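For reference, the structure discussed in these notes is given below.
The values are calculated or read from the model by the stated rules, or taken from the named source; none is laboratory data. Worth saying up front: this structure is predicted, and the values here are computed from it rather than measured. For neighbour counting, all protein chains shown are included, and Cβ atoms are generated from backbone atoms with ideal geometry for every residue, glycine included.
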Amino acid sequence: MNTREPSLSFDVAGLEGYLTGVIAGFRGPIRVQQFVHGQSNPTYLLETASQRYVLRRKPPGVLLPSAHAVDREFRVMRALLPTDVPVPRTLCYCDDDSVIGTAFYVMEYIEGRIFQDVSLETLQPAERTAIYSELNRVIAALHRVEPANIGLGDFGKHGGYVARQVARWTKQYRASELQRIDALERLMEWLPQHIPAEQPSRITHGDYRLDNVIFHPREPRILAVIDWELATLGDPLADFVYHCMPWRLPPGLGGSLLGSDLEALGIPTESEYVRSYCERTDRARFEHFDFYMAFGMFRLAAILQGVAARAVQGNASSASAKEAGKRAQPMAETAWAQAQRAS
């Protein structure tokens, strides 16, 4: 658990009073610490004498349109609770800014492991194999869920997902542009012209990756998928490929498996990992992988640019925001290289 005292403070007494009235068994006083991990919605550990909770809120200040949608996070996690997709139990949602200054929700605290290192250096090869198999199993389980069956048939538009996402992240990038990035300019022209035929809409997490899941303290079992801010209805293939970036990213741009001895590590190759997903989702083959990789990296570059812009504006949720923002240009250049593979 990596926390610090909250840099984005709020009225703790007011929060205590509110939660006492809406969460069964809640009793203050509470101690508040902010989780260091994450760049988007500030997240806090709330500790009482007998219980721990997690609070996630919109950051204060001027925000990009449609960003930081804590209400959608709350809704999708609540809907997924009875499915095979492990999520935290949500306890309350509050859109009254007078309580702590911005909208927020509270969920249960999950005790477990969050791995930051995609090579899982502290584990043994057999453990790494099991961890990656479980990571694959859970995203396949998410993409097997029929949205309408859990009340999420209207959670997003059906069809045209990738085109809308390209347009959205182009707009978000323009709104947070600090300098011209030539590779992004080329991608914004190339991507709309090469969108493949889309898959049937499924619930997409939008940022599924190793450090956005909580594993059991001792077992290779995911207890909760977290950080659902970007969740919507969309193309499951785009969602899957986005978390396959470690196999393609050069070192220095985030978690990278490129050049690693995967067999010795016990980590599957990219093709083995993709094949497992196809088997779990009853898919004969995976087409247009390079396009989806270019799209995912483009999207991440735009996100990183937004992180940099928030740092300049002074409302970033992490002290490492400026460093993250510096990766926007090399990420865009890596994305353009993927696009050229797909052409």
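Odds and ends about this structure:
- Taking every residue in the range 68-94 that is within 16 Å of residue 55 (Cα to Cα) and pairing it with any residue that is part of a helix (DSSP H, G or I) and not hydrophobic (A, V, I, L, M, F, W, C), at least 6 positions away or on another chain, the pairs with Cβ-Cβ distances below 7 Å are 90/78; 93/71; 94/18.
- Residue 193 meets all of the listed conditions (1) farther than 20 Å from residue 228 by Cβ; (2) crowded, with 17+ Cβ neighbours inside 10 Å; (3) of a type in the set (S, T, N, Q) but one, namely (2).
- For the range 93-131, filtering for residues that are within 20 Å of residue 227 (Cβ to Cβ) and either at pLDDT 95 or above or not hydroxyl-bearing (Ser, Thr, Tyr) (or both) leaves 22.
- Comparison of 271, 276 shows that the only residue that is surrounded by fewer than 20 Cβ atoms within 10 Å (Cβ to Cβ), touching a residue at least 40 places away in the same chain (Cβ under 8 Å) and of a type in the set (Gly, Ala, Ser) is 276.
- Within the range 92-111, the residues that satisfy the criterion of being part of a loop (DSSP other than H, G, I, E, B) and either among the hydroxyl-bearing types (Ser, Thr, Tyr) or buried (at least 17 other Cβ atoms within 10 Å of the Cβ) (or both) are 102, 103, 109, 110.
- Members of the range 12-37 that are among the hydrophobic types (A, V, I, L, M, F, W, C) and more than 27 Å from the chain's Cα centre (by Cα): 12, 13, 22, 24, 26, 30
- When restricted to residues that are within 19 Å of residue 126 (Cα to Cα) and either among the aromatic types (Phe, Trp, Tyr) or crowded, with 18+ Cβ neighbours inside 10 Å (or both), the range 248-263 contains 2.
- Any helices (runs of 4 or more DSSP H) falling wholly within the range 224-343 and containing at least 2 residues that are among the β-branched types (Val, Ile, Thr) and assigned by TED's automatic domain parsing to the domain that holds residue 156: 289-313
- Residue in the range 154-174 that is within 30 Å of residue 18 (Cβ to Cβ), surrounded by 20 or more Cβ atoms within 10 Å (Cβ to Cβ) and touching a strand residue (DSSP E or B) at 6+ places or on another chain (Cβ under 8 Å) present: yes
- Helices (runs of 4 or more DSSP H) fully within the range 114-190 counting 2 or more residues that are in contact with a helix residue (DSSP H, G or I) (Cβ under 7 Å, 6 or more places away or on another chain) and over 30 Å from residue 263 (Cβ atoms): 161-176, 182-190
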